[in-house]
Structures are given as C-alpha cells and as structure tokens.
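S.K.: One structure coming up, written as structure tokens, with questions to follow.
The values are calculated or read from the model by the stated rules, or taken from the named source; none is laboratory data. Being a predicted model, the structure only gives us computed values, none of them experimental. Quick reminder, even Gly has a Cβ in these numbers, built from the backbone with ideal geometry, and neighbours come from all protein chains shown.
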Amino acid sequence: MNKIFKSFKASPKYSIKWSNYFDIYEDLFQKFLKKKITIVEVGIGDGGSLFMWKNFFGKYAKIIGIELNPKAKNLEKKGFKIFNGDQSNPDFWKNFYKKIGKIDILIDDGGHTNLQQITTLVESINFIKPGGMIIIEDTHTSFMRDKGFKNPSKFSLINFTTLLIENIHRRNPMLKKEINFFSRKIQSIEYYDSIVVINISKNKLTKSKNLENNVKLRNLFDDFRYKKEKNINNYKEENIFINFIKQTVSKRSYLYRIYENSVIKKYIKQLKD
Ligand SMILES: C[S@@+](CC[C@H](N)C(=O)[O-])C[C@H]1O[C@@H](n2cnc3c(N)ncnc32)[C@H](O)[C@@H]1O
C-alpha cells in the first residue's frame, strides 16, 4: 500500500477519490515531500482529503481548501485555511490570490463542469510557483453528457487543454507563431485516466533553438526522409481505396507507408480472393 493511500485510509473524515489516483499522486508529489509548500484543493466536501494531504505532505505544508458550501468553514477549527466561494467566478480567484499569493499545487476536485475547470485553470496559472502544478481531477466529465456535463463538446476541459498543447509547441520556431502567456508558463501537460496535470515551468520559457554539433559533418549522412518513396502506381487504378490514399495522403507520410505495406495489400488480396 503506498503512502498516500495509507493517508487516505487514515483520514478521520469522509473522502472520495478514484482508485487509480493514488499511484499517480505518489509519483507526482515526491519532490514536494516535507517541503514548505502551499497546496490548495478546490471542492473539499467533508474535509477528508484535507486530512489526507496534511498527513502525506507533512507538517511544513500549508493546506488550503476552497468550497461552495459555507459549512466547510468549520474545518478551520482543524487547522486548515478555508475559503468559501465559487470556482467558476473569476473575481473569486482574483481576491483569493490577492490574499494568499503564489501557491505550489492546485488540485481541482470541485464541480467538474467545463466552465468551473477552465476558469480555475486560467485564473490560477499566473499564481503557481515555478516548478509547481495544477491538477484537474475527474476529467472523464469531458466525455459525459449526463449529470449536466453536456460533453463531449468543443468547450470541454480536455478540448481546451489541446489548445494549450498547440501553445506549448509555439515555442518551436518552425511553427512561425507568436508565443503567448500559456507558451511562457506551461512546461508540459500530462494526461492520465481522469486526471490532467499542467506542469508550470521552473523558468520563463522562450523560443527553442535548433542546436547542431559537429557542423562540418552535417552533409555527410544520408537523410532518408528525402529519398524517393517506392510508389504504388503498380496497383490497379480502379481500386478507389488506393486512389483515395494516393490523392489525400502525402507520399512521405508514415500513414501512406503503413497503408502501402499492410492495409492496401491485404485489401487487394481480399478483392482477388
Ligand atoms: C467530490 S466533492 C470533493 C471531495 C473531496 N475533495 C474529497 O476528495 O474527499 C466536490 C465538492 O466540490 C464542491 N463544489 C461544487 N461546485 C463548486 C464550485 N463551483 N466552487 C467550489 N466548490 C464547489 C461541492 O460542494 C463538493 O463539496
């Protein structure tokens, strides 16, 4: 049993987490253990997970909870700082960070709607310390229509993060795109079953450079990317499947070669049989 799962079991209050989360957290959080860090959890229910974080991270960690239900304030008697508010309200976040300052880890286990998750993410990015992270739990809601989630949709949290993926790639000059707020902050994004992790960079990120060593040797190797591909013109033209591939998929592409080597050949064999 890993340490975080033991902390979950040992919590004196009710908590609810998916079983796969514990191994992910055990790996993600190693670098923060016994450090003087601030962790914020959005959506704290009865407080069970707050006790879990405290037990797991150790006495130097400051644990803050954010909750829509005003009764959660009672947990302040147990040593947690609690903010009553709505995670989908940008003004709530502005006031929150004005009071608290920068934090190390944000865990979003609130209402899980697109608006709540995206607002929380966007309003928090600027307030995560270098090397910190934003963790969004229960991202399977991006694929759920029922219970009011109205997904899959182009406005889901998962689809929003794919825009962030493009923003990360803007650091590569080959894209000839301006880097923006997200490109400068987000080092990487990790996807798990129902968890998305946004890793905030230790440094301000800038455009990547293409570095070469042994420049004199540059032209001495044979770059096979530019070799003429074996073409598939030998196959019968009336095969519309081949024509489709020929017309729509670049000859240099991996997909073209895969089709050429396996699918098309099998397809033709079937036709002959
Ligand atoms: C699944 S429970 C949290 C469980 C807790 N994190 C745990 O692991 O035991 C979700 C909580 O999010 C709160 N919540 C829902 N919508 C919210 C919102 N818009 N802002 C803040 N909290 C919200 C609910 O009141 C509820 O207590």
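S.K.: In the list Ile66, Ile37, which residue meets the criterion of being without any contact (Cβ under 8 Å) to a residue 60 or more places away in the chain, within 24 Å of the chain's Cα centre (by Cα) and farther than 19 Å from Tyr21 by Cα?
M.R.: Of the residues listed, the single one that is without any contact (Cβ under 8 Å) to a residue 60 or more places away in the chain, within 24 Å of the chain's Cα centre (by Cα) and farther than 19 Å from Tyr21 by Cα is Ile66.
S.K.: Is it the case, given these coordinates, that Asp91 is of a type in the set (Asp, Glu), under 27 Å from Phe155 (Cα atoms) and either out of contact with any strand residue (DSSP E or B) (no Cβ under 8 Å at 6 or more places or on another chain) or outside the structural domain of Asp23 (by TED's automatic domain parsing) (or both)?
M.R.: When the stated conditions are applied, Asp91 passes them.
S.K.: From the list Ile134, Ile125, pick out the single residue that is at pLDDT 95 or above, within 20 Å of Ile24 (Cα to Cα) and in the same structural domain as Lys81 (by TED's automatic domain parsing).
M.R.: The match here is Ile134.
S.K.: Given region 113-201, what strands (runs of 3 or more DSSP E) lie entirely inside it while holding 1 or more residues that are free of Cβ contacts under 8 Å to residues at least 40 places away in the same chain and surrounded by 15 or more Cβ atoms within 10 Å (Cβ to Cβ)?
M.R.: Answer list for region 113-201: 186-192.
S.K.: Just the residues that are under 26 Å from Lys102 (Cα atoms) and among the β-branched types (Val, Ile, Thr), please, taken from region 1-60.
M.R.: Ile4, Ile24, Ile37, Thr38, Ile39, Val40, Val42, Ile44, listed by residue number.
S.K.: Is it true that some residue in region 102-112 is within 26 Å of Phe32 (Cβ to Cβ), out of contact with any helix residue (DSSP H, G or I) (no Cβ under 6 Å at 6 or more places or on another chain) and of a type in the set (Lys, Arg)?
M.R.: no
S.K.: Another question, then. Of all residues being part of a strand (DSSP E or B) and out of contact with any Leu (no Cβ under 8 Å at 6 or more places or on another chain) in region 100-110, which is farthest from the ligand (Cβ to nearest atom)? Just the residue, please.
M.R.: Taking region 100-110 and keeping what is part of a strand (DSSP E or B), we get 103-108.
With out of contact with any Leu (no Cβ under 8 Å at 6 or more places or on another chain) added as a condition, the list becomes 103-107.
Working: Ile103: 16, Asp104: 18, Ile105: 14, Leu106: 13, Ile107: 8 Å.
Per the stated criteria, the residue is Asp104.
S.K.: If Tyr97 satisfies all but one of (1) surrounded by 14 or more Cβ atoms within 10 Å (Cβ to Cβ); (2) within 29 Å of Leu164 (Cα to Cα); (3) within 14 Å of the ligand (Cβ to nearest atom), what's the number of the condition it fails?
M.R.: Here Tyr97 clears every test but (3).
S.K.: Restricting the first residue to region 244-257 and requiring it to be closer than 12 Å to Arg225 by Cα, which pairs with a second residue that is outside any loop (DSSP other than H, G, I, E, B) and at pLDDT 70 or above meet a Cβ separation below 8 Å and a spacing of at least six or different chains?
M.R.: As it stands, the answer is Arg252/Arg225, since those pairs meet every condition given.
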